[in-house]
Amino acid sequence: NIDLLVTNAGIALLSKKPLELDYKVWKETMATNVDGTLLPIKEVLPGMISRKYGRIVCISSVAGLGMRPNMITYATSKATVIALVRNLASAIAPYVRINSVAPGLIKTDMIQSLDKKARKNIIDTTPLQRIGKPEDIANTVYYLLSDKSDFTTGQTLVTDGGRVPLP
C-alpha cells in the first residue's frame, strides 16, 4: 500500500528566443512535468481512496505562479501542476490530501545553466540572501506529508526565501 506520494518530475528546456514555441520542446516538457505528475497519482489514488487515507505532494515551481516570458513552456507546465493539485483536492477530500510546493531557485543540476551574474542577482533579490538547498524543499514536503498540516489541501506552498511576490 502506498499512503504517501511525492511527485518531482521536472525538466526545463529553454528556447533560444522567448517566442520560439517549439512544439517538440512543448511536448517533451508537458510529458515530463505534467504527465510525470499525473500518472503516479492515477496509480496510487484508488488505493488511497479505498483506505480513506493518503497524502500527495507535487513539486511545481514559482515559475508557475507568475509571468515568465523567457520560459513560457516550463512556466505553463508548472502552472498546470498547480491547477491539477487545486482541482483534484476537492475531488479526493476528505480522506486524501494533495498539495504542491513551489520552489524558487534551488541548488540542483537545473541551475547549472545560470551564469554567475544571474545567480548573484537572484541572491541579491532574495530576502534570505541565498539560493535554496534541497533540504529546504525536503523539509517543506515533510511538513505537508505530516499530520501537522491536516487542515491543508489544494494549496501551493512557496519555498523561495521570500523572493517572489505572490499575485
* Structure fact -> Residue hits (region 56-94; over 25 Å from residue 21 (Cβ atoms) and small (Gly, Ala, Ser)) are 89, 90, 91, 93
* Restricting attention to region 80-110, and to residues there that are part of a loop (DSSP other than H, G, I, E, B) and touching a residue at least 12 places away in the same chain (Cβ under 8 Å), which single residue is least open to solvent (accessible area, probe 1.4 Å)? -> 104
* Please tell me if residue 127 is of a type outside the set (A, V, I, L, M), surrounded by fewer than 14 Cβ atoms within 10 Å (Cβ to Cβ), free of Cβ contacts under 8 Å to residues at least 12 places away in the same chain and not in a helix (DSSP H, G or I). => no
* How about region 1-22: which of its residues are closer than 24 Å to residue 114 by Cα and either outside any loop (DSSP other than H, G, I, E, B) or open to solvent by 90 Å² or more (accessible area, probe 1.4 Å) (or both)? -> 8, 14, 16, 17, 19, 21
* Evaluate the following for residue 45: is it in a loop (DSSP other than H, G, I, E, B), of a type outside the set (Asp, Glu) and on the phi < 0 side of the Ramachandran plot? => no
* Within region 32-53, tally of residues that are farther than 13 Å from residue 81 by Cβ and either open to solvent by 100 Å² or more (accessible area, probe 1.4 Å) or of a type in the set (A, V, I, L, M) (or both) -> 7
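The values are calculated or read from the model by the stated rules, or taken from the named source; none is laboratory data. All values derive from a computational prediction rather than experimental measurement. Ideal geometry is used to build each Cβ from the backbone, glycine not excepted, and the neighbour counts take in all protein chains shown. For the accessible areas, the whole protein counts, side chains as well, though only heavy atoms, and no ligand, DNA or RNA atoms are used. Shrake-Rupley method; radii C 1.70, N 1.55, O 1.52, S 1.80 Å.
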